[in-house]
Amino acid sequence: MTVNDFLSVLDAGIKIEITETVDNQITTLIKFFSEGASQLSTELLARTIDKISVDGKTSLCLHLSEAPDEL
């Protein structure tokens, strides 16, 4: 599932953190509220989600799969 696919079904007011693993360390790419998804780059929206974590009642973390150029 892509980031865009997932974000398109969320309600407003959800805190989102997008992370990826770089050099065996988890790196935060961006934190935002779901209604700000339209401001994300098309490259980020096209990335594939590897794992979704629920961090609280209104907080999610999307961990991305490796970017194609990292494979």
Report task. Quick one: count up the residues across the stretch 32-44 that are surrounded by 15 or more Cβ atoms within 10 Å (Cβ to Cβ) and of a type in the set (Phe, Trp, Tyr). Result -> 1
Report task. Check Glu66, Glu70 and return the single one that is modelled with pLDDT under 95, within 13 Å of Thr2 (Cα to Cα) and surrounded by fewer than 14 Cβ atoms within 10 Å (Cβ to Cβ). Result -> Glu66
**Report entry** Subset of the stretch 43-71 [within 10 Å of the chain's Cα centre (by Cα), not hydrophobic (A, V, I, L, M, F, W, C) and not in a loop (DSSP other than H, G, I, E, B)]
**Finding:** Thr48, Asp50, Lys51, His63
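If we scan the stretch 33-42, do we find a residue that is in a helix (DSSP H, G or I) and in contact with a helix residue (DSSP H, G or I) (Cβ under 6 Å, 6 or more places away or on another chain)?
yes
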Requested in this report: Mind telling me which of the residues Leu29, Leu7 ends up being on the phi < 0 side of the Ramachandran plot, of a type in the set (A, V, I, L, M, F, W, C), surrounded by 14 or more Cβ atoms within 10 Å (Cβ to Cβ) and in contact with a strand residue (DSSP E or B) (Cβ under 6 Å, 6 or more places away or on another chain)?
Outcome: Leu29
Query raised in the report: Is there a residue being among the β-branched types (Val, Ile, Thr) and without any contact (Cβ under 8 Å) to a residue 12 or more places away in the chain anywhere in the stretch 23-37?
Result: yes
**Report entry** Residues of the stretch 45-57 classified as exposed (fewer than 13 other Cβ atoms within 10 Å of the Cβ) and either of a type in the set (Val, Ile, Thr) or in contact with a Leu (Cβ under 6 Å, 6 or more places away or on another chain) (or both), total
**Finding:** 2
Report summary line: Thr21 vs (1) in a helix (DSSP H, G or I); (2) surrounded by 14 or more Cβ atoms within 10 Å (Cβ to Cβ): all pass except (1)
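The values are calculated or read from the model by the stated rules, or taken from the named source; none is laboratory data. The structure displayed is predicted, hence computed values, not measured ones. Counting neighbours? That spans all protein chains shown, and the Cβs are built from the backbone with ideal geometry, glycine included.
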